[in-house]
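Readers should treat all values here as calculations from the given coordinates under stated rules, not as data from a laboratory. All of these numbers come straight from a predicted model, not from anything done at the bench. As a convention, Cβ positions derive from the backbone with ideal geometry for all residues, glycine included, and neighbour counts pool all protein chains shown.
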Amino acid sequence: MIDPARQKVLIADDEPLARERIRRLMDALDRYEVCGEANNGDSTLKAVASLEPDIVLLDIRMPGMDGLDVAEQLNTVHNPPAIIFCTAYDHYAIAAFEVHAVAYLLKPVRREALSDALARAGRINRVQLRALASAPDAVSNQLAVRTHRGTELIELSRIHFCEADQKCVTIYHDRGETVTDHTLKELEHTYPGELLRIHRHTLVGVRFIQGLKRTGDGHYQLALRDIPVTLSVSRRHATAVRQWLNDLQPG
């Protein structure tokens, strides 16, 4: 009998050994319980209809209807489950997020990566999932980042700031920190309406800009809304920040 205090998870994969491995990983996680298994697209849809899982761990390459087709159909139902793709192929990531997957894990799936993905799935309620499914350009407002856990989807509106060091760029957002191989220049040019350059090492999410101040020694600092962090603003970029703040003023 399924414990109502736990989230129900359906495992959908055509390989019995893959299903067995994921089930073993699930057995070590307290807040989730496997409610069933499916071995192809049709059986996945039937299992979702009868078992009403909260989360589906979904393979992509399956006989007949593949995982992407399954995900498209699940997004049309009244109470869609959260979808986490588990696959051996990394080149489906963008297509996966176009059908609003919460996470994209590469096989062999590691317990830490699975636990993290399940936690993220649990934070997305069904109303939010329906809203994503009804927005045809929703993926354009999200950034797909390949990490050691797989590919992570970050909503641009949740990015506080991005900071570069000598080797990589770290994205700071409301779920924590994510290291990416995207450069600041790539992010700045791809999302000019979302991310503003304030320093050669830093981009800031425009939704979190609160105010610009000048310190006693002539340096500029940017205060962020609802975040106890101040960021250095270079003289070169201070004018652009002031202009952005002025544009917010009525009249």
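Between VAL77 and ALA95, the simple label model (points 7 Å from Cα in the Cβ direction) yields a spacing of 2.2 nm. I want to make sure I understand the PRE zone here: with the label point 7 angstrom from the Cα of SER157 toward its beta carbon, which residues in region 203-235 have backbone N atoms less than 19 Å away? Backbone N within reach: 204-210, 225-227. Normalised by residue number, the volume inside the convex hull of the Cα atoms of region 1-108 is 94 Å³ per residue. Close amide H pairs (under 5 Å, H built 1.01 Å from N) link ARG61 with GLY67, residues at least 5 positions away or on another chain. Going from the residue with the fewest nearby Cβ atoms within 10 Å to the one with the most, SER50, SER157 rank SER50, SER157. Subtracting the Cα-Cα distance of GLN166 and ASP217 from 0.36 nm times their residue separation leaves 15.7 nm of extension gain.
The value for region 151-251 of Rg(Cα) / (2.2 N^0.38 Å) is 1.05. May I ask for the longest run of the chain untouched by trypsin sites (Lys or Arg not before Pro) that are loop-located per DSSP and have at most 13 neighbouring C-beta atoms (other than their own) within 10 Å? Looking at the chain, 32-122 is the longest stretch - no exposed trypsin sites (Lys or Arg not before Pro) with at most 13 other Cβ atoms within 10 Å. Here the Debye sum runs over all C-alpha atoms of the chain as equal scatterers in vacuum, and log10 of I(q)/I(0) at q = 0.07, 0.10, 0.11, 0.17 Å⁻¹ comes out as -0.30, -0.56, -0.65, -1.19.
Between SER232 and ARG120, the simple spin-label model (points 7 angstrom out along Cα→Cβ) gives 3.1 nm.
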